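Encoded as structure tokens, the structure appears first; notes follow it.
What follows is calculated from the coordinates using simple rules that are stated; it is not laboratory data. This one's a predicted model, so the numbers in the text were calculated from it and none came from an experiment. For neighbour counting, all protein chains shown are included, and Cβ atoms are generated from backbone atoms with ideal geometry for every residue, glycine included.
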Amino acid sequence: MQQNKIPQATAKRLPLYYRFLNNLNQQGKKRVSSKELSEAVKVDSATIRRDFSYFGALGKKGYGYNVEYLLGFFRSTLDHHEVTEVALIGAGNLGTAFLKYSFLKNNNIRISKAFDADERKVGSDIDGVPIYHIDDLSEQLDGIRVAILTVPSTEAEVITENLVKEGINGILNFTPARITVPNHVRVHHIDLAVELQALVYFLKHYPLDKE
């Protein structure tokens, strides 16, 4: 089955599988069952088997999955054979936390440049990532197609327009703003306040069964 026919829900789980398989491989484990995978990534076995079935016969009944083979397969599928350069827009508290996090530890993703409007930050670096002025996007974004947005919500729309103009086609949006982009640009919205509020609501109204 062609990769573009894979359900989006399955595609979102692939990095989760990859991270766990990578950990198993580093531990020297040679094979893993769908049950072990299920317990580790908190996805039921039937869903894992269905997800994997989109890619053909990845395992054998009674044997499970070969960790090294599966890891190599997902590395290729997720394009982990090459490093993806990412730009961070907004080097405030949240942005700085991203700059200090090593994405390369488990993924071939690297924040290579950061941008901010604060003149005191421009020209410095955080954990080796240089910080440029936000007005220098056109000169500094060459070759970068993915951006993380951690700016004030009032500035999100204008900055997004500039990012799209400079060739960015994937945005991880951590602002509350619901930014508007052309059809060829993909945006993933992550509103931490909304997620936390939803968690509290579910705790109150949908309590988990206690053993």
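Quick notes on this one:
- All distinct Cα pairs of the chain go into the 1/r average, and the inverse of that average, the Kirkwood radius, is 19.6 Å.
- For the chain, adding -39500 (n - 2.57) for each run of n ≥ 4 DSSP H residues and dividing by the number of residues yields -12500 deg cm²/dmol at 222 nm.
- Working from Cα pairs under 8 Å separated by at least six residues, relative contact order for region 84-194 is 23 percent.
- The chain - percent relative contact order, Cα under 8 Å, separation 6 or more: 13
- Straight-line cross-link partners of K113 among the aspartates and glutamates, defined as a Cα under 13 Å from its Cα and at least 8 positions apart when in the same chain: E85, D125, D127, D136, E139, D142.
- Exceeding the 24 Å Cα-Cα cut-off - candidates K12/K42; K12/K204; K100/K204; K42/K204; K100/K165: K12/K204; K100/K204; K100/K165
- Tensor-based shape of region 3-76 (alpha-carbon gyration tensor, a/c under 1.5 rounded, otherwise prolate or oblate): rounded
- Length-normalised contact order for region 3-76 - Cα pairs under 8 Å, 6+ apart - percent: 39
- Pairwise FRET efficiency - L192 versus Q26, Cβ, R0 = 35 Å, nearest 0.05: 0.70
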